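Encoded as structure tokens, the structure appears first; notes follow it.
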Amino acid sequence: MYMESKSQSNASNYCSIKSATTIRSRDCSQVGFASNENLKYNFGEISLHMKSDNITSQLVMNLTLPDVKWKRAYLRLSEYVDPSTCKLFTVGKSVKLSINELFYHCSWRTSNIKDPRSYVMEFKAESSLYYAHRKILFDIPDPQYFSVTTPLAKRHIFWYIDFTNVHKIVLKIQPLPETYNVHDYKVEVIRERTGGIGHILDVRLLPANGQHVLDFEHMTYNEEGYHYFVISVIGDGCEEDKCATTVTTKLFIGRKGTPLVIGIVGASFLIPFVLFSFYMWNCRHKTETGIPETVDKALVLFKPSFEKHNEVVSILAKAVKYITGVEAMLDPLSTTVTKQDNTEKWCSDNLIRATHIVYVIPPMSEGTSEYEFDYMTYSFLKEEMRKNNSSKKIVVVGFPYSNKHVPQVLSGCPKFEFMDDFAAFLGIFKFVLSSFDYQNNINFIELSGKVKQVVNEMDLCRKTPKILVTGEEETEIDVLL
């Protein structure tokens with residue numbers, strides 16, 4: 001991945017990421033990224049390197065992920081002062097993006113912009129085994145003072161700060177080229193509290209030693225205030241504090257928690273109140289069968305088939321969860337192996353709890369059997385369909401590769417053909433606004449792409465010639481006989 005900066009005076013001040021696969025800003029800012037600092041798994045190292053093109057006078061930033069332990073991750077790039085101005089990417093070995101799709105174009109510095117803009121780069125990767133994330137803060141240097149022809153006394157330094165864990169922030173410094181003959185880098189850590197008065201917390205000299213990147217770890221101990229670094233060089237022609245310095249963006253560290261005494265006293269009053277509230281809530285939300293109701297829960301019924309179809313159903317359930325906020329559960333039909341101790345009870349409880357039941361029509365290759373449901377599920381659906389004012393919404397969903405058969409017991413249910421009827425399908429959930437731009441939602445894009453992949457593979461299978469063996473051909477000896 002690379003980013004490019006243009007410094008022409010006639011360029012506009014508008015910045016944007018040019019990519020057909022990015023998500024709009026209002027969706028991007030709503031995507032949740034991990035905030036837990038005690039994660040079991042680490043996302044892996046992230047390396048940023050800024051260089052200047054002598055011909056075009058543009059800056060190019062290379063992003064390297066040397067230690068990848070995940071299959072796919074999300075990258076959000078946003079402005080530090082305005083997090084709502086952001087873009088979202090999907091990155092991974094299986095995600096094929098051209099250079100143009102990872103092109104960030106912006107007039108970083110013009111006559112109207114005196115200070116470089118600060119940006120935050122966030123990563124997250126999740127799977128069934130782990131959840132990991134990274135947060136990086138960086139500035140784009142002024143191209144005018146970032147070329148190899150810039151004198152050492154005026155040369156700016158590229159830096160970035162890893163503040164994934166605010167208890168320990170790590171400053172990364174990109175050393176200057178060896179032609180500058182820099183011996184050491186002086187780094188000062190400053191914290192500003194109320195009143196804007198800065199206090200130096202630490203000062204160190206980092207030897208150059210020809211390294212690709214210099215690390216400076218600083219323990220904040222969650223002390224409230226604005227923390228930042230001041231970087232200066234010591235080398236030939238530049239004595240200590242005699243040349244230009246590079247000041248990083250101020251990073252606010254908030255105080256965590258409250259004093260222990262206040263917490264204990266507060267808990268002594270809150271615990272009885274919370275327990276009583278749970279008791280009253282449990283009494284009010286009991287059904288006739290004694291099973292607590294769950295507000296908004298969708299049960300997806302489907303017949304297990306080939307792997308790609310099962311993946312489509314799984315992505316559909318995930319899309320329902322993240323777009324509508326409704327908890328989605330998968331209930332494969334005709335399965336004999338389950339992780340539940342009591343399969344019948346699990347199925348019965350979830351049929352009762354579900355506010356939405358979504359039946360997925362199986363692929364054409366699975367035939368049109370009338371006996372897809374077990375007796376309990378069939379009886380439950382039949383009883384719900386007889387009710388005039390059923391509290392459950394039961395719908396049927398079909399894909400382009402699905403067969404046209406709908407079970408007789410569900411013949412009166414609304415049917416949605418994906419992906420054309422996806423907007424109408426979202427309408428059955430009360431938390432989705434009619435103005436919601438679902439086509440640019442990352443979950444819709446993933447589901448649509450997987451459906452197209454299955455359709456293409458099935459079309460290819462149908463077009464592949466089949467060889468039929470009708471019997472053994474006559475041999476020369478058979479003819480003679």
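Here is the link list: 69/308; 297/393; 172/250; 318/415. Which ones come out longer than 18 Å on Cα distance? Checking Cα-Cα distances, 69/308; 318/415 exceed 18 Å. Placing R0 at 25 angstrom, the Cβ-Cβ distance between residue 72 and residue 49 gives a FRET efficiency of 0.60 after rounding to 0.05. Close amide H contacts of residue 169 (hydrogens built in the peptide plane, cut-off under 5 Å, sequence separation of 5 or more or a different chain): 218, 220.
Throughout, read-outs are computed from the coordinates displayed, never taken from laboratory work. What you are looking at is a predicted structure, and each value in this text was computed from that prediction instead of being measured. As a convention, Cβ positions derive from the backbone with ideal geometry for all residues, glycine included, and neighbour counts pool all protein chains shown.
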